[in-house]
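To start, the structure under review is shown below, and the notes come after it.
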Amino acid sequence: MLMISPKMASGVQEKQYTPCLLSFFIYNPTFGPREGEVRVTLLHTNKHHKNLKMMTKSLHTQKNRQFFFEPEENFWMVMVVRNPMIEKPNKDGKPPTIEYQEEEILDTVYGAVVRQCYCMYKLFNSTFGRAMEAGGVELLIQKLEKFFYRYLQTLHLQSCDLLDVFGGISFFPLDKMTYLKIQSFVNQVEERLSLIKYTAFLYNDQLIWSGLEQDDMRILYKYLTTSLFPRHSEPELAGRDSPLRPEVAGNLLHYGRFLTGPTNLKDPEAKFRFPKIFISAVDGYEELHLIVYKAMSAAACFMISASVELTRQFCEQLDSLVGPQLTLLASDICEQFTINRRISGPEKEPQFKFIYFNHMNLAEKSTIHMRKTASVCLTSVHPDLMKILGDINCDFARVDEDEEIIVKAMTDYWVVGKKSDQRELYVILNQKNANLIEVNEEVKRLCATQFNNIFFLD
Amino acid sequence: MVWKRVHMKVRQSAIRTFSSVCCYTSFTTVETVSYCEGEGRLVVRFPVSGQTSGAEPARCVRMANEHYLELKENPVQFEHASSVNNVFFDEANKQVFAVRSGGATGVVVKGPDDKSSVAFRMDDKGEVKCIKFSIGNKILAVQRTSKSVDFINFIPDYPHMEFTQECKTKNANVLGFCWTSWNEIVFITDQGVEFYQVFPDKRSLKLQKSQNINVNWYQYCPETAVLLLSTTVQGNVLQPLAFRNGTISKMSKFEIELPVIPKPAKLSLSERDVAIATIYGQLYVMYLKHHSRTPNSPGAEVVLYHLPREGPCKKSHVLKLNTTGKFALNIVDNLVVVHHQSSQTSLIFDIKLKEPDCAVNTHQPVLPARSIHPYRVSLSGPVVVPSQPPVPCQLYSSSWSVFQPDIIISASEGYLWYLQVKLAPMVHLLEDKGKLMDFLLRRRDCKLVILSVCSQILGGHEEAGLPVVATVFDKLNQVYKDYLEADQSYTAAMESGPSRGSTAQKRPVRTQAVIDQSDMYTHVLSAFTERRDVSHKFIIAVLMEYIRSLNQNQITVQHYLYELVIKTLVQHNLFYMLHQFLQYHVLSDSKPLACLLLSLESTYPPAHQLSLDMLKRLSTANDEIVEVLLSKQQVLGALRFIRSVGGHDNVSARKFLDAARQTGDQMLFYTVFRSFQQRNQRLRGNPAFNPGEHCEEHVVHFQQLFGEQALMKPSTV
C-alpha cells in the first residue's frame, strides 16, 4: 500500500513548483562530436521505425530527470524536466531551502510525452530521415525549429498524467441508426468528391468514425482535440458581435465552416491552402491535405492526396455539399444523444471517478478529467491520486496476467486498478471507513452498470 | 366499344356486321354513331392507316426491345363476325358468343378457359340484340326486341322451354340488361331500371325493385356490380347504382364537366367516352375529354372520377394525353393504358405515381408512347394449321373493340386477347430510378425485374450513385417492412385466439413486391461483392447502405448479410473498419458472428476481445466463453467467469482439469483441483469426484505431484 502525504500540511509561506521543461534536444551521435547544441548531424535514413513503442529511457538526478528516446536510428530525442520542488523560506534572511521531489515524476508519463512529440512532428513533417533526404541537415534543422518552437509551448508538462500514457481516443456514444446515417453520409461524400481519400468524423471532440488506421488516427485525434478544436471555440455560441463569429455572409442554410484552409469562401483573396499531414502507408508514408470542416458540434476531416492542388471550386463544392448535410446530422446526433441520456436515466450517470482504457481500440473514458481546453487539462482529483494511478499502471505494464490492485491513500481515498485482458480500469472512491471488501463490492457494482456490455472479468 | 375519336368501350357488346356499322374518319368531331339497335354491339373502324412498317432497321431493333405492352399468348379464338355470324361479348363472364343465323344453326360460347365454353342451339326468333349467361352459366338471357328479354334454363333437370319477361314500365324501351348474380338480373330501360329475381323452376321472374329515371345509356362494372346511368338531356349527369343482396343502393350522382356546353342542349356525353373500372381496388369512372379543335389545343385528357362506396364522387385524377385523336382505354395491372389509334401507340399512366412538377393528381404518361409488341396470327383463323407460318396481325386495327379491364377483341379476325404489361423494357425507358422503383413495386410480376434493376444500379451499365442506391433500398424495404408488420399483427391476432374481434383477419398476401433480405442476398448482393471491376469502397458502402435501410425500417438484419460485410472487409484487410462497426454494434450480436470473429483472431488479434464481448452480451453463451478461455489456457479466468455467472456447480470439472494439466503449470493444476474438491465438498459433503465426472486420471496425477496427503479428506460431521 502506498502512503501519500498531503501537501498542504506545512507552513503557509512554502512555495511549490510543478515540473517544467528545461530543455529539449534532438541529437544524432553519428554526426561526430561538436561543441554547442548539436541537433542533427548525419544523413541517415531509417526505413523501419517499428520500435516506436519501445520504452524511453530516463536518467534520474536530484534536480532533473532526462528522457531519451530514439525514434529513428541514431536520432535521439532528449527532454530534460525539472523535478517538482518545494521552496521553504528560512529565517534570518538565509536563502530558502529547496527540496526536490524526485519521486513525484513518473517515467511512463513523460516518456509518453516525448514519444508524442515525435509522433506529432511526424504527422506534419514525416520522418527526420525524409527531411534529410530532401534537404540535408539544414532542412531538418529548419523543420525542427519551426515545428518545435511552437509545439513545445503547448506541452503543459505539469498537467500530464495517465491519459498521456494511454494516448487514447474518446469515442462518442451513439445509437446504431445514427451511426449508420453517418456512415452513409461519409460514403456519399467520398463518392461525390472522389478526391477525398479518407474521412474522419467527430462529434463534441469525440471520435465516431475513422477512415484512417488506428495509429494515425490516434495522433490526428490528439492534434484535433488539444490544438485545432480549442483554437476554434464555437462561433455559434459566441455573441452576435463577437469577433469570433465568422462572416456567415448570405449562407444561412447551414452552419458549416472550414477550420483549416479558407475562413471565408467569399473572400476573393482567400487562399485554398490546407495543412499537410503524413500518414503511414503500405510503401512508407502518404502525404495528404487535411481539411477540417465543422458544423455545430460535428466535425468532418477530409483527407486528400497532397499531389492534388485544391481549388476554390472544389472548396465551394465541398461547402455546398457537406454544409447542409453536416448541419442536419449534427442536430440529429444531438437529439439522439439527448434522448439516449434521458432513457438511460440518472442512475447510469457515473457517480464514480474512473479512467478506462482499452488497448485494442484505444478507447478511453475518464470521469476525472474536465473538458480539455486549449491551455490545460483539468482534473477533478488531487495530483497525488493521479500519481497513484500512474504507479498502478506501471505495475500492470510489468506483467501480462490480469491483475487487480487496491490502494488506500492517506486521504481516505481508495484507489482501485483492474486489468482484464487488454483493458485497464482505475477507480477512485472516496468512502471513509470502507473496508477492502466493501470497496471490492463497490467496484463490482460499477463494472456491472458501466461496463456490462463488455467482457470484463471480476 | 369502339375506337372513337375517343375510345371504344362498350358494356356488353355485340359485335357484328363489321364493316358497315360505323366508320370514324375524323379525329376531332364526335359523330353520333349509327349505333346498332339495342345495346352495345359495336364496331369500330379506323381509317386505314396505310403502311405499318418502313422504319429503318436499327430503330426497329431498338423499338422491339421497348414494347412494354403485349397481347397475351393463347388468345380466345372464335368464329369471326360475318353476315351470318353475329358476335357478342359479355364483360361479366368474359364470354364471346358467336350466334349463327339467330341461333338456329348454333351458338358457340367461348370463355377465358375451356370449362366456360358452351355450344348449343336455339330457335331463331328474330335478330339477337344482346345475349348473356347469368353467373355460372345457369340461365341464358337473350334480348330480341326492345320490350322484352327471353330466358332459357341451363340447369340440368329444369324445364328448357324459353320464357319471356316484358319490361314493366309502359312505353319504355329496354336498352339492355345485366346479370348481377346467378338468378338476379337488371333491365335498363330508357325510363329507369327494373331489378328482377329469376325463378328458373317456375319459369318466371319477380320484380324486386325498380327506379324511375331517364336514361340515355348505361355502363356496368361486373366486379363491383355498379351500374352507371347517363341522365339529363346532355347526358353528363351520371347516376351510379350498386346492386347487392337483392337491393339497389343509390350512390351519389355527379356531373361530368363537358368541354363545351352545347346550345341548345343535346346529348353531349357519349357512352364511348366513358368507362368504369377498378384501379388499386377503388372504383373509378374514366372520362375521355376532348378539347375543342383550336390551334393551341392542349390535347385530350382522361379525367378520373373516384366513386367511393359511400360519400360523394370526386374528380380525382387528370391524365394528360398531350395529343388528339381516337383513343381507347384499358386497365392493366392497375395502370391506365390509353391506346392512340392514329399513331398506333399506347401510353400508360399510374395514378399512384406522384408527379413532382405537376399539380397534385395531374399525371403525365409514365413512359414515352410505344406500340403494342407485334403479334402474329395464323392465316387460317381459329383453326391452327401448323404448316402455315403465322403472319403479322394488324395492331390498333379499326376492327378492334376494347373492353375493361384488359380485353381487346378483333371480331373480324375472331380473336380475344388479354393485354399485359412487360416490365423489363420499361427499365431503360425510365431514367429516374426512384420513380422506376415506385412504379415497379406496384406491379404484379415485378420481383425479377426489380432485382435486375438493383443489379444494374450496382455497377451494370446503368450504375448509379450511392444516393440513388439508398433511395432504391429504402423503397424496397418500406414495402418489405409493411408486409412484415402486417404478418406479425396477423400472427399476434391468431395467437390471441379467435375470441377477440369478430372480424376474421386475413393473412396478408405476400406480393412479388416484397423483396426480402434473402432475395437481395441471392440475386444481387452476393454476386455484387464478387465483382472485380467495382471498387471495394463502393461495395462496402452499398452493403452498409442496405443495412442502414433495413435498420431504418426496424427490420432485423440476417446473419448472412453481416457475414458478407465481414468477408468483404477481411478480404481487403480493413480490420479497423470492422472493429469500428462492431464497436457501434452495427453488426448485431449473435453466436455465429462471435464464432466468425474468433476465427479471425490469427489475422487480427483484437477479434478475440470483440468476440468475447459479444458472447458476454448475448448472456446465453457462457459455455462458449468458457471454451474460448480454456482454449487460450486462461483456466483461472474461465473458473472466475463461471463462478461469477453462477455456473460453477454444474460445470464439468474434467474440462478444467484437462486444460489446467495441459498448461504444465503445477500450481495452477493444484489450484483448480482444490477448487473443485471444495465445490464437491459443498455440494455433496464429500470432496471426492463422482465416477461420472471421469476425473480419476487427474486424481492419480494430483497424488503423483503432491502426494496423497494433499488430497482433501471428507470432513467428518
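Points to keep in mind about this one:
- Sole exception among (1) open to solvent by 20 Å² or more (accessible area, probe 1.4 Å); (2) in contact with a helix residue (DSSP H, G or I) (Cβ under 9 Å, 6 or more places away or on another chain) for B:Glu310, by number: (2)
- Any hit, region A:219-228, residues being within 14 Å of another protein chain (Cβ to nearest Cβ), open to solvent by 30 Å² or more (accessible area, probe 1.4 Å) and at pLDDT 90 or above: no
- The set of residues in region A:416-458 being under 12 Å from A:Phe357 (Cβ atoms) and away from chain B (no Cβ under 14 Å) consists of A:Gly417, A:Leu425, A:Tyr426.
- Evaluated against (1) at pLDDT 90 or above; (2) away from chain B (no Cβ under 14 Å); (3) open to solvent by 40 Å² or more (accessible area, probe 1.4 Å), A:Thr154 falls short on exactly one condition, (1).
- Residue list for region A:395-414, filter: in contact with a Leu (Cβ under 7 Å, 6 or more places away or on another chain), outside any strand (DSSP E or B) and open to solvent by less than 40 Å² (accessible area, probe 1.4 Å): A:Ala409
- When region B:548-566 is filtered for residues that are in a helix (DSSP H, G or I), under 14 Å from B:Phe581 (Cβ atoms), within 14 Å of another protein chain (Cβ to nearest Cβ) and touching a residue at least 40 places away in the same chain (Cβ under 8 Å), the ones remaining, listed by number, are B:Arg548, B:Leu561.
Every residue, every condition in (1) on the phi < 0 side of the Ramachandran plot; (2) touching a Leu at 6+ places or on another chain (Cβ under 9 Å); (3) within 14 Å of chain B (Cβ to nearest Cβ), yes or no:
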{"position": "A:Gln158", "(1), (2), (3)": "yes, no, no"}
{"position": "A:Asp164", "(1), (2), (3)": "yes, no, no"}
{"position": "A:Ile169", "(1), (2), (3)": "yes, yes, yes"}
{"position": "A:Lys176", "(1), (2), (3)": "yes, no, yes"}
{"position": "A:Asn187", "(1), (2), (3)": "yes, yes, yes"}
{"position": "A:Glu191", "(1), (2), (3)": "yes, yes, yes"}
{"position": "A:Ile196", "(1), (2), (3)": "yes, yes, yes"}
{"position": "A:Asp205", "(1), (2), (3)": "no, yes, no"}
{"position": "A:Ile208", "(1), (2), (3)": "yes, yes, yes"}
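- Residues (in a helix (DSSP H, G or I) and open to solvent by 20 Å² or more (accessible area, probe 1.4 Å)) located in region A:165-186: A:Val165, A:Lys176, A:Met177, A:Lys181
- Residues located in region B:423-446, provided they are closer than 24 Å to B:Lys72 by Cα, open to solvent by less than 50 Å² (accessible area, probe 1.4 Å) and part of a helix (DSSP H, G or I): B:Pro425, B:Met426, B:Leu436, B:Phe439, B:Leu440, B:Leu441
- When the criteria are applied in full, B:Pro240 meets the requirement of being in contact (Cβ under 8 Å) with a residue 12 or more places away in the chain and buried (at least 22 other Cβ atoms within 10 Å of the Cβ).
- Matching entry among B:Ile155, B:Ile135, B:Ile185 (being under 39 Å from the mean Cα position of the chain (by Cα), at negative phi and part of a strand (DSSP E or B)): B:Ile185
- The lone exception for B:Leu593 - which of (1) more than 12 Å from every other protein chain (Cβ to nearest Cβ); (2) in a helix (DSSP H, G or I); (3) open to solvent by 10 Å² or more (accessible area, probe 1.4 Å) it fails: (3)
Rundown of residues vs (1) away from every other protein chain (no Cβ under 13 Å); (2) not in a loop (DSSP other than H, G, I, E, B), yes/no style:
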residue	(1), (2)
B:Ala513	yes, no
B:Tyr521	yes, yes
B:Ser526	yes, yes
B:Arg532	yes, no
B:Thr568	yes, yes
B:Met577	no, yes
B:Phe581	no, yes
B:Asp589	no, no
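- Any hit, region B:622-630, residues being within 11 Å of another protein chain (Cβ to nearest Cβ) and not in a helix (DSSP H, G or I): no
- Here B:Gln633 meets each of (1) open to solvent by less than 70 Å² (accessible area, probe 1.4 Å); (2) more than 11 Å from chain A (Cβ to nearest Cβ) with one exception, condition (1).
- Scanning region B:105-142 for residues that are among the hydroxyl-bearing types (Ser, Thr, Tyr) and open to solvent by 30 Å² or more (accessible area, probe 1.4 Å) gives B:Thr105, B:Ser117.
- Here region B:668-717 is the region considered, the condition is being charged (D, E, K, R) and outside any loop (DSSP other than H, G, I, E, B), and the residue that is least open to solvent (accessible area, probe 1.4 Å) is B:Arg679.
- Matching residues in region B:642-658 - criterion: being open to solvent by less than 10 Å² (accessible area, probe 1.4 Å) and over 17 Å from B:Asn690 (Cβ atoms): B:Ile642
- Meets criteria (out of contact with any helix residue (DSSP H, G or I) (no Cβ under 7 Å at 6 or more places or on another chain), part of a strand (DSSP E or B), surrounded by fewer than 18 Cβ atoms within 10 Å (Cβ to Cβ) and touching a residue at least 40 places away in the same chain (Cβ under 8 Å)) for B:Ser252: no
- Complete set of residues in region B:610-624 that are closer than 20 Å to B:His559 by Cα and open to solvent by less than 70 Å² (accessible area, probe 1.4 Å): B:Leu610, B:Ser611, B:Leu612, B:Asp613, B:Met614, B:Leu615, B:Lys616, B:Arg617, B:Leu618, B:Ala621, B:Glu624
- Taken together, the residues in region B:388-405 that are within 24 Å of B:Ala277 (Cα to Cα) and within 31 Å of the chain's Cα centre (by Cα) amount to 9.
The values are calculated or read from the model by the stated rules, or taken from the named source; none is laboratory data. The structure displayed is predicted, hence computed values, not measured ones. So basically every Cβ, Gly included, is an ideal-geometry build from the backbone, and we count neighbours across all protein chains shown. Heavy atoms of the whole protein, side chains included, go into the accessibility calculation; ligands, DNA and RNA do not. Shrake-Rupley method; radii C 1.70, N 1.55, O 1.52, S 1.80 Å.
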